[in-house]
Each structure stands twice: as C-alpha cells, then as structure tokens.
Amino acid sequence: MRKYQQLALVLLSITCVVILLVYKSENNRLKYVLEVVNIFGRNDAASLIRIDNSSRLHSSPYDFDSPLPAWQRLGDDFYVYSSFWQKNELAAGGTVISIAVGLEHAAVNFKCQVQHGTGDVATGKLHFVRLEHPTGSVKVPNGEVFVVYKLLCKVTRDFGQPTEVIFTDTAQAIKRYVPLRVLESRSVQQKMTMTACVDMSDYLELDEEFRMPSAVLQYFLHHQIVGVEDFIVYNSNALNGATTSLLYSHGIKINLLPYNFPFNVADKQQNRLLIEMDCLMRNYNAAKLSFIGAINEYLYPSSRLRVNNKFLKYAWKVSSDVSRFAIASRSVCIDKRKKIFSDNLLYDVDVGAQLTAPSERPFYVYKPQDYNRT
C-alpha cells in the first residue's frame, strides 16, 4: 500500500512540474503578446487619432467627391465625365444630366437607361444640348473640332434610388455604366455660403512660384479666411500626399477629383467651361454661391463672407433670374519682399507676374441653384 502511495506522490509531483512548465511557457508567450499589443496599440491609437482628426476636418455632409467622376468612352470619339440625377418635383421619374464631349463628326447615337439600387432598370429617352463655345469652334492639335454636350436622359417611372445611367452605343451595342450623383433637396439654412472649385487642369503651365507647396497652402488659407467653406479640386494629380496632408492639418476641407481630359487641347477656356458645368451641378442644393478659379486667381471681398457682407446682402436680394455676378478683376503685381501673395494689393496690367489675368476670361461668382435652372 505504501508503494502505491509513493508512486502516486511521484506521479503528482511530475504532473505539477509539467503544469508549472506549461504555465511558465504560456505566461512568457502572453507577456510577449501583451508587449506587442501594447507597442502596436499605442501606434494604432495615435494613427486613429490622426485619421479621426483628418476625417473630422475633411468630412462634409455634401460629399462632393462621391462618386468620383472620370472621362470615359461612350462611343467613337465621344466621352462622358459625370452624371447627375435630378428628380421631378411634381411627377414620377426625373432627368439624368451628363457632361460629355465629342468630336464634331461624332454622332450622338445612344440609348439610355437608369439603373436603380433595387436592380430595376428604367428605359429613358435621350435628348442632348450642344453648348457653343464663346469664341467659336475649338480644335484639337490634328485640326478636328470637338463639341461640349449636355446629355439628358429622361425617365417617367420611379424604382427607388437611382445608382447608374447606362448608355448603349446603338452602332456597336456596347453598354457603358456611369455612376450617378443624386442632387438632394436642402433648405436654405442647410446650404453653405460659398464654395470654391479650383481648376488645376493646367497646373504645370503656371509659374513655379505658384506651384510651391507654400504657395498652394496660401491659396487655400486665404480663401478659407475670407469665408470659403469647402473646396473642390479638379486634377487630383496636382496635389501630392504631403501637400494634401498639410491642407487637412490646417482644417481645410478639400475634395480631390480626377480630370483626365481625353483630348490634347491647349484651349483653357474650353476646359474651364466643362469644369464650370460639373462644379455647379455638384454645388446644386449644397452652396448658395460658388466660384471657379485657378490656383493663381484670388478673390478679394471687401470683408469676410458673413451675413453683414455687402455683396452677400445684394446677392440674396436679386431675382432668381440672375444666376451669376461678374467680379471686377485686376492683374496684381507681386512684390518679392512680400511672402504672402494676398498682401500684394498694387496692380498694373503691364507690370510683372500676375495673380489674375482678366484679359483671358471673366471671373464670376455663381448661384448654383439658379444657374442650373436656366
């Protein structure tokens, strides 16, 4: 009997030693895991804080960059950039408004449908409007002329929230799907006072001093200070990650949109017309006022854009038939001793580098809601 007790004691001792070794091993592993979690946890926490800050600074209920536009081919020598859904107010259905370009000889030979989130498809009737260029026909380098279009796809039935417009090239029976931005209704109180659409399509052609990160930051800071609440930047490649992060860190709300124009055209006014169309559609029911400008075009209001601003008081009073206001522009001379561009107030049309170029194109402030109604 005593032998059995001794044997049991030995087995118990061995078991205890094994358990102790296993416990020690697991404890070491747990300690290592906790250290790793702690290290990565602290980094993750800091990253999450930075992400949260950027999100709060960049977040906007208007979500101007959704869905992202892009020039995509519809048919032979015909391209579309963006599409917008505008619901009928007093009847079922609505209209898809698409911004497109095509060479002069290209036929508008498409059918259209509207895809809904439910999977239902409504067949539409396609109309189009050719927009005349203010200075006449615009030629690409090989001598061909291209035309700007508004494609209007009208449907008379509702199947819920539309998500895409489908264009079918009748000559080739090829379908192209273009995501839709829905123009939502908002009260006047929900709209921002002013937004800016920044045309950076010819960014690389500007003088180098305007392309420096400090100069880019100056442009956005200046307009944020005077009262611009949100920025839509056309040509997202113009701003690198460091510059974008710098803007976010200063609380500047920017929405970066690609602008891969399909034709090699040197006409800045034609690109400005297309950007203007997209900008004002995006700001419909989102902003009371918007302007389109290049990175070297500064807006100088007499005072901050607040309720007591004289221009704003005038803009609210005028008839809805007035959809834009021409702003007097000046060629501002840059004093190299002044590091802040907006500190340059002397102007002469014949002197030095310029902040604005009134001879090239007029400068307008638009009322998006009324502009898209005309």
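The values are calculated or read from the model by the stated rules, or taken from the named source; none is laboratory data. Please read all numbers here as calculations on a predicted model, not as lab measurements. All Cβ positions, even for glycine, are placed from backbone atoms using ideal geometry, and neighbour counts span all protein chains on display. Just the protein is used for accessible areas: all its heavy atoms, side chains included, with ligands, DNA and RNA removed. Shrake-Rupley method; radii C 1.70, N 1.55, O 1.52, S 1.80 Å.
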Residue-by-residue Karplus 3J(HN,Hα) for the stretch 66-79, coefficients 6.51, -1.76, 1.60, Hz, glycine and proline x = 10, x, 5, x, 6, 5, 10, 6, 9, x, 4, 6, 9, 9
request  = Using the heavy atoms of the protein chains and a 1.4 angstrom probe, tell me the accessible area per residue for the stretch 72-182 in square angstrom.
outcome  = 49
note = Heavy-atom accessible area with a 1.4 angstrom probe orders 276, 132, 229, most exposed first, as 132, 229, 276
ask   = Which value, in Å² rounded to 10, gives the accessible area of residue 364 with a 1.4 Å probe and all protein chains present?
value = 50
query = Over the stretch 192-370, what is the mean sequence separation of C-alpha contacts under 8 Å (at least six apart), divided by residue count, expressed as relative contact order in percent?
reply = 27
task = Starting from the Cα-Cα distance between residue 310 and residue 145, subtract it from 0.36 nm times their residue separation and give me the gain in nm to one decimal.
result = 55.1 nm
ask   = Using a simple charge model, +1 on the beta-carbon of Lys and Arg, -1 on the beta-carbon of Asp and Glu, nothing else, what dipole does the stretch 72-182 show about its Cα centre, in debye to the nearest 20?
value = 180
Tensor-based shape of the stretch 72-182 (alpha-carbon gyration tensor, a/c under 1.5 rounded, otherwise prolate or oblate) = prolate
ask   = Roughly what would the spin-label model give for residue 120 and residue 89, points 7 Å off Cα along C-beta, in nm?
value = 2.4
query = Length gain on complete extension for the stretch residue 190 to residue 129, per 0.36 nm per residue less the alpha carbon to alpha carbon distance?
reply = 18.8 nm
note = Regression test value, accessible area per residue of the stretch 192-370, probe 1.4 Å, units Å², expected 45
